[in-house]
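Worksheet for the structure shown next.
The values are calculated or read from the model by the stated rules, or taken from the named source; none is laboratory data. None of the values given here were measured: they were computed from a predicted structure. Cβ placement follows ideal geometry from the backbone for every residue including glycine, while neighbour counts extend to all protein chains displayed. For accessibility, only protein heavy atoms count, side chains too; no ligands or nucleic acids. Shrake-Rupley method; radii C 1.70, N 1.55, O 1.52, S 1.80 Å.
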Amino acid sequence: MLRAHADVILVGAGTARAEGYGPVRPESEGLRWAWLRDGRPPSAPIAVITRALDLDLGGALLADAPAHARTIVITTESAVPGRRAAAARTADVIVAGEASVDLKAAVDALAERGHQRISCEGGPHLLGQLADAGLLDELCLTISPLLAGPGADRIVTGGLPMPRGGTLPFTLAHALEDESHLLCRYVRRSAG
C-alpha cells in the first residue's frame, strides 16, 4: 500500500544491493492497491542514493525498469564521470552535492520532477540522514509478534546527531492490526 501511495521510492545503495532491489512492477505489488495510483503511472520509480555510483549498472534495478518508472540515481559531482554517463543510459541521474549527496537538493530535484510523495525504504543510514536534515515528516513502523535478538540496531544510524539530543518527536496517526502485526503510522510533531 505504501508503494502504491508513493510518487517515488527512495532507498540507499547499500540497502538496494543487500536486498536485491529491482524495479517496482504493478503486477508484483498486487492489484488490490491499483486504485491508489489512479491518474498516475501504474508504479512508482525507485530512486537510489549513491555517493560513488557503486551499483550494478547493468543489473535489473537500472536496466529492467519499465519506461513509466525509470530508475532514478541520485549521486554526487565527485562520482566517476564515466560511471555517471553509463548510469544515464538506463536511468535518470540527479547530481546533488559535491562529495556527499545533499538530501535537501535531492528531495527538491525529485519534487521538480513531480515526485511529491516520497516513501523511504531505508536503510538506517539514509533514514538517519533524512531525520538529521529535517526531511522526515512521517514514519510507518510495523511491530511484528516475533522476539529476535541479540544485537538489534536502531532504525536510524550514522550521520549527525538529530535535534533534541538524538530524539525526534512523532504522534501516532493510525494503527492497524493484521495477523498480530501492528502497522503504525506516525506523523512528526511540530516544534514548540
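Could you do me a favour and compute the accessible area per residue for the chain, 1.4 Å probe, result in Å²?
Working: 11120 Å² over 192 residues.
Computed with neighbouring chains in place, this is 58 Å² per residue.
For a quick protection proxy, order the peptides 4-12, 141-149, 86-94 by their average other-Cβ count within 10 Å, most packed first.
4-12, 86-94, 141-149
Add +1 for every Lys or Arg and -1 for every Asp or Glu among the other residues with Cβ under 13 Å from the Cβ of LEU57, and state the total.
+1
Carbon and sulfur together cover what percent of the accessible area of the chain at a 1.4 Å probe radius?
In the chain, the share of accessible area belonging to carbon and sulfur is 54 percent.
Using +1 at the C-beta of Lys and Arg and -1 at the C-beta of Asp and Glu, which of VAL156, GLY39, GLY20 has the Cα lying farthest in the positive direction of the dipole of the chain?
GLY39
Magnitude of the Cβ-charge dipole of region 46-185, K/R +1 and D/E -1, about the Cα centre, nearest 20 debye?
Working: 11 positive and 17 negative charges, 55 e Å.
The calculated dipole for region 46-185 is roughly 260 debye.
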